[in-house]
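Presented below is the structure to which this report refers.
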Amino acid sequence: QTIKTDENTQRQEAVFFLFFSLSTQYNKCNLISCPFQTFTEGITNQLIGCYVASLQEPGCVLVRLYGKMTELYVNRDREVEMLQVFHTHGCGPQIYCSFQNGICYEFVRGTVLDDELLRQPSIYRLIAAEMGRIHSIQPKCGPPVEPFLWTKMSHFLTVAQSSVSKRYEVPSFETLSVELESLKRHLSQVDSPTVLCHNDLLTKNIIYNHKEGMLKFIDYEYADYNYQAFDIGNHFNEFAGVNEVNYGLYPGPELQRDWLTAYLESYKRSTGSEVTVTEAEVTQLYVQVCKFSLRPKSFIFFSRPQFFILRWLVW
């Protein structure tokens, strides 16, 4: 189902109309007085919660309104497709409908993870286990396609070429293209398997349910098949923060190896392999992850009225 909303329409009225169109799932009488809540954790999108029954979490449904111009670097059709795959395997929320500039989907109960919780062993082991489950999801038909890393980064460069403000001193398109080819030659030799990845696992995309002692990932805008070591290394970089980056917070070898052990146990269990994890296996994955998690520089390109962030891996 596709529902178009005019930009001049009041957001709550548009969302209210959206829920009325889902009358087979929600009683229209309950919708008349349902309260709305705007969440503020999103970086590029706006998130609105509608409590269709009461102010209790189980009755909340989310509507995500895409940020303007985000379609330049996010494939929204692919995002919906990936969400459906994750939900089928119990790793993502259910989608109720999509419309011109957003989607409506199931609310994931819990709280957004913070930087302090991210470093707690009981929490990061849950994250590792959940990533192991996701990475074990097999494509429906045949082997997965090529890792989307290079296609996505090339696309980012193309967008950046026409969006970078002259106020910011950044390398030229030609220089970055040469760097990209160098990265591709080097990292393609790492022999990291291609798996289904989240590709954007920052703290705001992890929901922790303290009551149930479990967590789930959200926001699958960049989910696709990619290098196993990239998804893990990209997450390790998130330990340093997003708004205020401090690489002194990057996880040390001991934390990484403990994380990777929990990951491999989950990944093996989910793929039906022998669960025992050897030191050699941890070391091999550790080396691969180190190569993919080379500390990134972030170039922030602003354009009116939206911005996007291109994260560039450099040595």
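No value in this document is a laboratory result; all are computed from the given coordinates. All values reported here derive from a predicted model rather than from experimental measurement.
Computed on the Cα atoms alone, the convex hull of the range 111-313 gives a volume of 142 cubic angstrom per residue. Evaluated on the range 55-200, the Kirkwood hydrodynamic radius is 18.6 Å, with distances taken between all distinct Cα atoms.
Do any of Lys204/Lys268; Lys68/Lys140; Lys68/Lys268; Lys204/Lys291; Lys152/Lys291 go past 30 Å between their Cα atoms, and which?
Lys68/Lys140; Lys68/Lys268
Here the extension length gained between Arg76 and Ser177 equals 33.8 nm, from 0.36 nm per residue of separation less the Cα-Cα distance.
Across the range 111-313, the mean sequence separation of Cα contacts (distance under 8 Å, 6 or more residues apart), normalised by length, yields a relative contact order of 29 percent.
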